[in-house]
Amino acid sequence: LAGIVLAGVAGAGQSTIAALFILAASSIVVNLYKGMINPDASEKQIKKMSVGVCVAVGIINIILAMTNPPTLQVFITFAAGGCACALLPGLILGLYWPGCNKYGAFAGVVSGLGFYALFSLVNLGVPLLSTAPTLCTAPISFLLCFLISKFTTPPTKETLTVYFGVMDEQ
């Protein structure tokens, strides 16, 4: 019974890894190759490029896995914390506050990444900033997203209708 459970977990992991390979390859091919290098690429060219990029990504990942850096956990934590601080303010305020606009969301992304990197990489003399940069950066990012949205052009009524439905005049 334990073997069946572990086989299920291993299968789920393999399918997730396969999906991530396909996603990485198609993102690179569609966004870079077709978007910038060869906009008139045929389906056959795109298929060949996708297979080539998928193989290259796989080889790079195997090499990285064999040369496991001692600070791998630092990379994972830095990526997850940076993404959270950069993307959550625009996502949450955009979903639940009709006043959020693209300028505020952009300010949230830039401030989230910038302050997270600053607090993580530079010792400013405050222990909390370097040991828990997400706790310090997220409120700043939310605040800047809110303030920039408040003082820039609000979303149009059409946009608000699409995302929030018919709204009463306030």
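The values are calculated or read from the model by the stated rules, or taken from the named source; none is laboratory data. Worth saying up front: this structure is predicted, and the values here are computed from it rather than measured. Here the Cβ is made from the backbone with ideal geometry for all residues, glycine too, and neighbour counts use every protein chain on show. Surface areas here come from the heavy atoms of the whole protein model, side chains and all, with no ligands, DNA or RNA. Shrake-Rupley method; radii C 1.70, N 1.55, O 1.52, S 1.80 Å.
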task: Just report the Cα centroid separation between region 115-140 and region 22-91, whole Å.
output: 28
query: Top mean-square fluctuation among MET49, MET66, MET36, Gaussian network model of the chain, C-alpha springs under 10 Å?
result: MET36
message: Helix-only estimate, please: 222 nm mean residue ellipticity of the chain, summing -39500 (n - 2.57) across DSSP H runs of length 4 or more and dividing by its residues, to the nearest 500.
response: -25000 deg cm²/dmol
- request: With a 1.4 Å probe and every protein chain left in place, work out the accessible area per residue of the chain in Å², rounded to a whole number.
  value: 70
statement: Highest mean packing first, using Cβ neighbours within 10 angstrom, the peptides 82-95, 16-29 sort as 82-95, 16-29
message: Report, to one decimal in Å, the Kirkwood hydrodynamic radius for region 45-170 based on all distinct Cα pairs.
response: 17.3
task: Treating only the Cβ atoms of Lys and Arg (+1) and Asp and Glu (-1) as charged, compute the dipole magnitude of the chain about its Cα centre; round to the nearest 20 debye.
output: 340
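With a 1.4 Å probe and all protein chains left in place, how much of the accessible area of region 36-170 comes from carbon and sulfur atoms, in whole percent?
Working: 6950 of 9490 Å².
Solvent-exposed carbon and sulfur of region 36-170 make up 73 percent of the total.
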message: Which three numbers, in whole Å and largest first, are the semi-axes of the equivalent ellipsoid of region 26-99 derived from its Cα gyration tensor as √(5λ)?
response: 31, 25, 7
query: Which whole-Hz ³J(HN,Hα) couplings does region 25-39 yield from phi under the Karplus relation 6.51 cos²θ - 1.76 cosθ + 1.60, θ = phi - 60°, glycine and proline marked x?
result: 5, 5, 5, 5, 5, 5, 6, 8, 5, 6, x, 10, 8, 9, x
